[in-house]
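Some notes on the structure that comes next.
The values are calculated or read from the model by the stated rules, or taken from the named source; none is laboratory data. Here the structure is a predicted model, which is why all the values come from computation and not from measurement. With ideal geometry, Cβ positions are generated from the backbone for all residues, glycine too; neighbour counts draw on all protein chains shown.
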Amino acid sequence: MISTQVALLKRELWEHRAIYVTPLVIALVIAVMSVTGQVAISAFDQVVDLAILGASNLGEAERKHAITVLMISVSVLFVFAMWILTIFYTLDCLYAERKDKSILFWRSMPVTDAETVISKLITSLLVIPLVTFVVLAITQIVVLTISSIWVSIRGADAGHLIWAAAPLTENWTATLIFLLALPLWLSPFIGWFLLVSAYTKRSALLVGFLPIILLPMFEKMLVGTKMFSTAIFVRSGQMPLFHGLDTFGLWDDNSEQLNALGRSGLSLLSMIDLGGFLTSPGLWLGLLVCGLFTTAAIYVRRFRDES
């Protein structure tokens, strides 16, 4: 079973190269932006020198906060891209194999429909976040290295200003937890998209999002309740992972919450309430819904023809 899943996961990476190409492209763009940004601000010599002098006189907590903001600024693009990638992957992974007739080949292999669909679920929940994290961590090192070279050229001590204050382990641990928790929290959408991918014959994106948009509208007009809108839209922004913080607001580098975090001297890791997240009824209810949708996707794939 395990060896079969490993082989199926390798198949996903082979067939869906966007899983690693997307974060690599973002990494390249951020690296280029970092270089061009350093060159651009170098035109303001006096202001830059004063800023470096001021940073040299700051305490370790302030420098740590500044590095954390820089690392989060890099992370925001990867988090956004990871979720967009997950949406398109889940909508396409079962739909494409019927469209290009490759499902006929895979059905000739000794692999069940359940194993195939579960491999795509694992890819969405685990593989995509892990690949994103690896590329993200490397990108942050590259950005800090570019900044170090630039600071050294300006005559400052990059080891003191950047590397001595960079909370790499804390921030990477918090980022990894967040990247793994996000798809778990949004797993009902992943399960739904897998079911749509297994069923629809065309326009998977439209079929996947129309119910999400229309159901809350019809519920409000016909019944007057907000059950679907709460289940769909509120879940997107209220993941109970951070102590009293809005999840997406925390990852905004201009957020008042993040500024308060820096003033308090706390780390991102210390703000994570992993126990509260794992014991949240919303998490387990969402996983249950994801399981039901995934089971339906397995059933549909079993009896769906290749058209």
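Check residue 100 against each of (1) at pLDDT below 80; (2) in contact with a Ser or Thr (Cβ under 9 Å, 6 or more places away or on another chain); (3) of a type outside the set (Ser, Thr, Tyr) and name the one condition it does not meet. For residue 100, the exception is condition (2).
Here's the yes/no breakdown for (1) part of a loop (DSSP other than H, G, I, E, B); (2) at pLDDT below 85; (3) closer than 20 Å to residue 176 by Cβ:
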residue	(1), (2), (3)
240	yes, yes, yes
245	yes, yes, yes
252	yes, yes, yes
258	no, yes, yes
262	no, yes, no
277	no, no, yes
283	no, no, yes
288	no, no, no
293	no, no, no
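Just one of the listed residues (135, 111) is within 30 Å of residue 15 (Cβ to Cβ), modelled with pLDDT of 90 or more and not hydroxyl-bearing (Ser, Thr, Tyr), namely 135.
Quickly run through region 33-81 and pick out the residues that are polar (S, T, N, Q) and either modelled with pLDDT of 80 or more or surrounded by 12 or more Cβ atoms within 10 Å (Cβ to Cβ) (or both). Residues satisfying the conditions are 34, 38, 42, 56, 68, 73, 75. Scanning region 82-93 turns up one or more residues that are more than 30 Å from residue 174 (Cβ to Cβ), part of a helix (DSSP H, G or I) and at pLDDT 80 or above.
The C-beta contact set for region 208-227 (first residue touching a residue at least 24 places away in the same chain (Cβ under 8 Å), second residue assigned to a helix (DSSP H, G or I) and aromatic (Phe, Trp, Tyr), distance under 8 angstrom, 6+ apart or interchain) comprises 208/192; 208/193. Residue count for region 268-294 satisfying the condition of being within 21 Å of residue 96 (Cβ to Cβ) and of a type in the set (Ser, Thr, Tyr): 1.
Taken together, the criteria exclude residue 17 from residues that are more than 25 Å from residue 300 (Cα to Cα), modelled with pLDDT under 75 and not aromatic (Phe, Trp, Tyr).
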